[in-house]
Structure formats: structure tokens, C-alpha cells
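Since the structure comes first, as C-alpha cells, the remarks are kept for the end.
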Amino acid sequence: MHYNNGQVLRGPAVVEGSSMTLHIPGGPLQVSEWSITPFDGGYGYKFENLLLDGVSYVRQVSGG
């Protein structure tokens, strides 16, 4: 996960049914509702929106 303060947390994600556990430094993060939605930003830019328990994280996947 990349935070806007520059901090990066790395670790595996384990999906079991509709829940997900992110194994990151500081302890595992349990997520009960999640989704990934791709969207087109126009002008050749493409993004993915990761929604974790109501918190949205957006990443650019192409363009620029």
C-alpha cells in the first residue's frame, strides 16, 4: 500500500471467501468488504479503484 505521505507497506494478501487479510508490517489488516473496479480516466489514462471496508485507494495502471 502506498500512502500519500510516501510510506509504502508491502506484504501478501490472502483472500478467503468474501474477506481478505493483508499481511503488512504492524500486523495483519482484516478486510470484510472489498472490491477492485477499473476505470478509464480519458486521454489514455487507466486506473483501478480498490475499496477496502469503505475506504478507496486509486492507482494508475497506464498512461502518462
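The values are calculated or read from the model by the stated rules, or taken from the named source; none is laboratory data. What you see is a predicted model; the values in this text were computed from it and never measured. Just the protein is used for accessible areas: all its heavy atoms, side chains included, with ligands, DNA and RNA removed. Shrake-Rupley method; radii C 1.70, N 1.55, O 1.52, S 1.80 Å.
Couple of notes before you dig in:
- Filter result for Val14 (open to solvent by 80 Å² or more (accessible area, probe 1.4 Å) and of a type in the set (A, V, I, L, M)): no
- Scan segment 1-49 for residues that are part of a strand (DSSP E or B) and at positive phi and the total you get is 2.
- Every condition in (1) of a type in the set (Val, Ile, Thr); (2) modelled with pLDDT under 90; (3) open to solvent by 70 Å² or more (accessible area, probe 1.4 Å) holds for Val8 except the one numbered (3).
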